[in-house]
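A.B. asks: What follows is a structure written as structure tokens; I'll ask about it next.
The values are calculated or read from the model by the stated rules, or taken from the named source; none is laboratory data. Keep in mind that what you see is a predicted model, and the values were worked out from it rather than measured. Neighbour counts run over all protein chains shown; Cβ positions are idealised from the backbone, glycine included. Areas reflect the complete protein model, heavy atoms only, side chains present, ligands, DNA and RNA absent. Shrake-Rupley method; radii C 1.70, N 1.55, O 1.52, S 1.80 Å.
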Number of protein chains: 2
Amino acid sequence: MDKEEPLQKLLDYLAADMAMCNHVIMDKMKSSVDLVSQLAAHLIVAGGKRLRPLLTLASAHLCGYEQDSNDLQPRHVRLAACIEFLHTATLLHDDVIDESMLRRGTDSANAIFGNSASVLVGDFLFARAFQLMTEDGSLKVMRIVSQASATIAEGEILQMTMQNDLSTSVSRYFEVVYGKTAALFAASCRVGALAAECKSQDEEALDVYGTNLGMAFQLVDDALDYSADQEKLGKTVGDDFREGKITYPVLIAYEKADAEEKKFWERVIEKGEQNEEDLLHAFSLIRKHHAIEATLQEAMVFANKACDALAHFPESELRNLFQDIAKYTVNRHF
Amino acid sequence: MDKEEPLQKLLDYLAADMAMCNHVIMDKMKSSVDLVSQLAAHLIVAGGKRLRPLLTLASAHLCGYEQDSNDLQPRHVRLAACIEFLHTATLLHDDVIDESMLRRGTDSANAIFGNSASVLVGDFLFARAFQLMTEDGSLKVMRIVSQASATIAEGEILQMTMQNDLSTSVSRYFEVVYGKTAALFAASCRVGALAAECKSQDEEALDVYGTNLGMAFQLVDDALDYSADQEKLGKTVGDDFREGKITYPVLIAYEKADAEEKKFWERVIEKGEQNEEDLLHAFSLIRKHHAIEATLQEAMVFANKACDALAHFPESELRNLFQDIAKYTVNRHF
């Protein structure tokens with residue numbers, strides 16, 4: 001990651017907190033069953049950008065969290081770890097779903113074992129997340145996080161039911177995006193605010209910020225799957241296409257398609273009949289109709305809303321970082 | 001089910017509570033996503049014996065729960081629904097695991113869609129269970145149930161790692177049985193006791209009862225998979241065999257096997273190489289070495305421990321039903 005990137009700046013700003021958070025994560029992953037510790041460690045240590053726990057930590061500070069410097073596992077840090085557990089659990093379960101949809105008969109023993117481990121270690125992390133909240137003891141936190149968990153599952157199921165369905169409306173698509181991504185972004189921020197025992201207006205402002213940041217983030221994710229440089233992205237592009245996922249770029253390209261193009265999308269997305277060269281053709285149609293630009297434009301609208309919500313807080317270095325993160329989300333290439 | 005069976009008697013005894021519990025279940029399954037409501041309704045309405053929520057309700061009464069007759073969703077009823085949600089979630093995820101292990105290349109679109117729905121609706125029910133606990137507001141309940149959830153996942157993972165491994169020790173097998181079954185039985189009882197705001201000795205006595213009942217229940221389950229009349233059982237027998245699961249009957253039969261029989265077990269369980277006639281041969285070896293009797297005897301030891309724990313409570317019709325359930329668990333044929 002580029003050192004100048006806002007995410008890196010926020011990581012630097014919260015380096016001490018993040019170190020404590022990683023410590024809590026390692027500690028709470030311990031299990032009497034070896035494979036659990038091993039798999040969980042692998043997943044979480046190798047894990048991603050830690051964006052969600054970072055939002056929890058940052059939100060706590062934005063709301064004036066007063067840290068006891070002798071406390072090695074302060075509240076906001078434990079809640080940040082809880083959020084990361086929940087996120088990792090949903091990622092693991094996503095793998096099963098995406099793999100199921102992709103695999104279609106090309107099974108392997110490895111993929112099979114992977115499925116079982118993904119489901120069960122996901123469940124374990126989910127349970128651990130709730131144990132962490134129980135230790136924290138705030139019913140309000142539990143209400144928000146358990147609600148978010150239900151919303152995530154509903155969002156994923158909604159996505160599943162509209163898989164391959166090109167008649168999906170944009171508002172239905174946004175509903176999925178809210179469920180699968182924005183709900184947890186919002187909860188991550190809100191939980192941090194609650195750790196600081198802030199006013200309800202602070203909490204609400206951060207909820208709006210997190211929701212809109214999450215919407216922007218997912219839209220950009222969907223755009224990158226049709227436009228990214230595979231190496232820079234660090235994962236394969238075209239996954240959504242192969243799975244027949246309905247995302248914003250596809251909805252735009254399909255809306256603007258001529259009769260022949262419509263037939264193409266119906267074959268590859270609705271019927272799931274794909275040849276090797278179809279992905280490149282999809283890329284060219286997406287380019288032709290400026291579907292990536294339209295998606296990023298929509299993402300920018302959400303990012304701006306996220307920034308607007310920050311006006312509630314007095315100016316500060318941290319508030320600026322929150323703003324930069326929102327803008328950067330739309331310009332990222334990872 | 002035979003009207004005279006203790007389970008039916010307990011259902012009759014708690015008919016009003018169970019009616020309320022079913023109502024809470026229907027109510028909390030509602031979702032803005034149609035498929036969630038439909039799948040959840042199908043699962044829970046078609047659902048099993050409701051043994052676990054029944055234990056919650058019965059435990060509350062055994063501890064002298066005082067019911068407000070005007071309250072249509074009393075505490076113990078909501079907690080019983082929460083336990084049923086959790087149980088159904090684990091069943092759904094079990095399906096994915098068992099199916100993965102069984103399927104091995106014989107994929108179907110239906111099985112694939114089933115996997116995704118099972119994972120996600122399981123997650124939804126898990127989240128709903130935590131929402132119900134949050135509404136209830138008792139941190140002690142949350143601690144017990146989130147701990148049980150983690151233990152269940154650990155037990156299932158342990159089971160997965162010892163799949164096909166005939167060198168598994170009996171104590172390791174019992175660890176799995178505790179995790180996959182007894183932990184939730186114990187939590188079901190304990191949560192009912194907590195709803196009644198009982199003394200901690202009552203809670204502990206019911207924890208011991210639930211744990212041992214659960215151990216007995218799972219041992220009998222494992223025995224039935226090698227001995228039951230398929231029609232009476234209402235599900236296929238031989239599933240454990242086909243999946244290469246290590247259960248008590250297999251451990252006994254393998255321990256007592258001669259050289260040729262050992263080779264048989266190693267081929268079918270360790271290598272997973274099974275022919276059509278192998279299940280019948282396994283049945284005959286299990287019979288030859290009285291492995292079912294040994295399993296049921298072990299189950300009886302646990303059932304007796306469960307009954308012993310009840311001595312803590314004064315004699316009553318309900319206490320007798322708890323006793324009958326424990327004994328009946330060992331003699332059931334379903």
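A.B. asks: Consider only pairs whose beta carbons are under 7 Å apart and that are at least six residues apart or on different chains; among these, list those whose first residue lies in region A:33-44 and is surrounded by fewer than 19 Cβ atoms within 10 Å (Cβ to Cβ) and whose second residue is at pLDDT 80 or above.
C.D. replies: A:Leu35/B:Ile157; A:Leu35/B:Thr161; A:Ser37/A:Met29; A:Ser37/A:Lys30; A:Ser37/A:Ser31; A:Ala41/A:Met29
A.B. asks: For the subset of region B:233-261 comprising residues that are at pLDDT below 95 and among the acidic types (Asp, Glu), which member is farthest from B:Thr168 (Cα to Cα)?
C.D. replies: B:Asp239
A.B. asks: Tell me yes or no: at least one residue of region B:99-121 is crowded, with 23+ Cβ neighbours inside 10 Å, more than 8 Å from chain A (Cβ to nearest Cβ) and modelled with pLDDT under 95.
C.D. replies: Checked region B:99-121: at least one residue is crowded, with 23+ Cβ neighbours inside 10 Å, more than 8 Å from chain A (Cβ to nearest Cβ) and modelled with pLDDT under 95.
A.B. asks: So, one more: Just a yes or no: is a residue in region A:56-74 within 14 Å of chain B (Cβ to nearest Cβ), touching a Gly at 6+ places or on another chain (Cβ under 9 Å) and of a type in the set (S, T, N, Q)?
C.D. replies: So far as region A:56-74 goes, no, none of its residues is within 14 Å of chain B (Cβ to nearest Cβ), touching a Gly at 6+ places or on another chain (Cβ under 9 Å) and of a type in the set (S, T, N, Q).
A.B. asks: With respect to B:Arg52, determine if the residue is open to solvent by 10 Å² or more (accessible area, probe 1.4 Å), of a type outside the set (A, V, I, L, M), touching a Ser or Thr at 6+ places or on another chain (Cβ under 7 Å) and touching a residue at least 24 places away in the same chain (Cβ under 8 Å).
C.D. replies: Values: open to solvent by 10 Å² or more (accessible area, probe 1.4 Å): yes; of a type outside the set (A, V, I, L, M): yes; touching a Ser or Thr at 6+ places or on another chain (Cβ under 7 Å): yes; touching a residue at least 24 places away in the same chain (Cβ under 8 Å): yes.
Spelling it out, B:Arg52 is indeed open to solvent by 10 Å² or more (accessible area, probe 1.4 Å), of a type outside the set (A, V, I, L, M), touching a Ser or Thr at 6+ places or on another chain (Cβ under 7 Å) and touching a residue at least 24 places away in the same chain (Cβ under 8 Å).
A.B. asks: Go through (1) on the phi > 0 side of the Ramachandran plot; (2) assigned to a helix (DSSP H, G or I) and name the single condition B:Asn164 misses.
C.D. replies: With (1) on the phi > 0 side of the Ramachandran plot; (2) assigned to a helix (DSSP H, G or I) applied to B:Asn164, the lone miss is (2).
A.B. asks: Across region B:160-172, which residue is least open to solvent (accessible area, probe 1.4 Å) among those that are touching a residue at least 60 places away in the same chain (Cβ under 8 Å) and away from chain A (no Cβ under 14 Å)?
C.D. replies: Among them, the one singled out is B:Leu166.
A.B. asks: Here is a list of conditions, (1) over 30 Å from B:Ala60 (Cβ atoms); (2) in contact with a His (Cβ under 8 Å, 6 or more places away or on another chain), and B:Asp202 meets all of them except one; can you say which number that is?
C.D. replies: (1)
A.B. asks: Go over the candidates A:Phe264, A:Phe241, A:Phe217 one by one and state the one that is out of contact with any Gly (no Cβ under 8 Å at 6 or more places or on another chain), over 21 Å from A:Asp165 (Cβ atoms) and surrounded by 14 or more Cβ atoms within 10 Å (Cβ to Cβ).
C.D. replies: A:Phe217
A.B. asks: Could you tell me whether any residue of region A:77-88 is surrounded by 14 or more Cβ atoms within 10 Å (Cβ to Cβ), modelled with pLDDT of 90 or more and more than 20 Å from A:Gly214 (Cβ to Cβ)?
C.D. replies: Yes.
A.B. asks: Next question, about the same structure. Give the number of residues within region B:11-41 that are more than 11 Å from every other protein chain (Cβ to nearest Cβ) and in a helix (DSSP H, G or I).
C.D. replies: Going through region B:11-41 one residue at a time, the tally reaches 17.
A.B. asks: Mind listing whichever residues of region A:122-142 are crowded, with 24+ Cβ neighbours inside 10 Å and basic (Lys, Arg)?
C.D. replies: A:Arg128 - this is the single residue of region A:122-142 that is crowded, with 24+ Cβ neighbours inside 10 Å and basic (Lys, Arg).
A.B. asks: Go through (1) in contact with a Lys or Arg (Cβ under 6 Å, 6 or more places away or on another chain); (2) at positive phi; (3) not aromatic (Phe, Trp, Tyr) for A:Gly137 and report which single condition fails.
C.D. replies: (1)
A.B. asks: Restricted to region A:131-141, and to residues that are in contact (Cβ under 8 Å) with a residue 24 or more places away in the chain and not acidic (Asp, Glu), which residue is nearest to the other protein chains (Cβ to nearest Cβ)? Break it down into steps so the answer makes sense when it comes.
C.D. replies: Initially, region A:131-141 is screened for residues in contact (Cβ under 8 Å) with a residue 24 or more places away in the chain, giving A:131-133, A:135-136, A:138, A:140-141.
With the extra rule that they be not acidic (Asp, Glu), the set shrinks to A:131-133, A:138, A:140-141.
Working: A:Gln131: 5, A:Leu132: 9, A:Met133: 8, A:Ser138: 10, A:Lys140: 9, A:Val141: 9 Å.
Filtering first and then ranking leaves A:Gln131.
A.B. asks: Looking for whichever is in contact (Cβ under 8 Å) with a residue 60 or more places away in the chain, hydrophobic (A, V, I, L, M, F, W, C) and closer than 27 Å to B:Glu204 by Cβ here; the options are B:Leu296, B:Leu321. Which one fits?
C.D. replies: After applying the criteria, what remains is B:Leu321.
A.B. asks: So, one more: Look through B:Val145, B:Val177 and report the one residue that is at pLDDT 95 or above, more than 9 Å from chain A (Cβ to nearest Cβ) and open to solvent by less than 30 Å² (accessible area, probe 1.4 Å).
C.D. replies: B:Val177
A.B. asks: Taking A:Ile157, is it closer than 30 Å to B:Gly137 by Cβ, part of a helix (DSSP H, G or I), under 17 Å from the mean Cα position of the chain (by Cα) and without any contact (Cβ under 8 Å) to a residue 12 or more places away in the chain?
C.D. replies: Yes: the conditions hold for A:Ile157.
A.B. asks: (1) under 25 Å from the mean Cα position of the chain (by Cα); (2) closer than 25 Å to B:Leu51 by Cα: which one isn't true of B:Ile269, the others all being true?
C.D. replies: Among (1) under 25 Å from the mean Cα position of the chain (by Cα); (2) closer than 25 Å to B:Leu51 by Cα, the lone unmet condition for B:Ile269 is (2).
A.B. asks: Can you pull out every residue in region B:189-214 that is open to solvent by 10 Å² or more (accessible area, probe 1.4 Å), in a helix (DSSP H, G or I) and of a type in the set (Asp, Glu)?
C.D. replies: Across region B:189-214, the qualifying residues are B:Asp202, B:Glu204, B:Asp207.
A.B. asks: Same structure again: Take B:Ala303 and tell me if it is in contact (Cβ under 8 Å) with a residue 12 or more places away in the chain and not β-branched (Val, Ile, Thr). Quick ask: steps written out before the conclusion?
C.D. replies: Numbers: in contact (Cβ under 8 Å) with a residue 12 or more places away in the chain: yes; not β-branched (Val, Ile, Thr): yes.
So B:Ala303 fits the description; yes.
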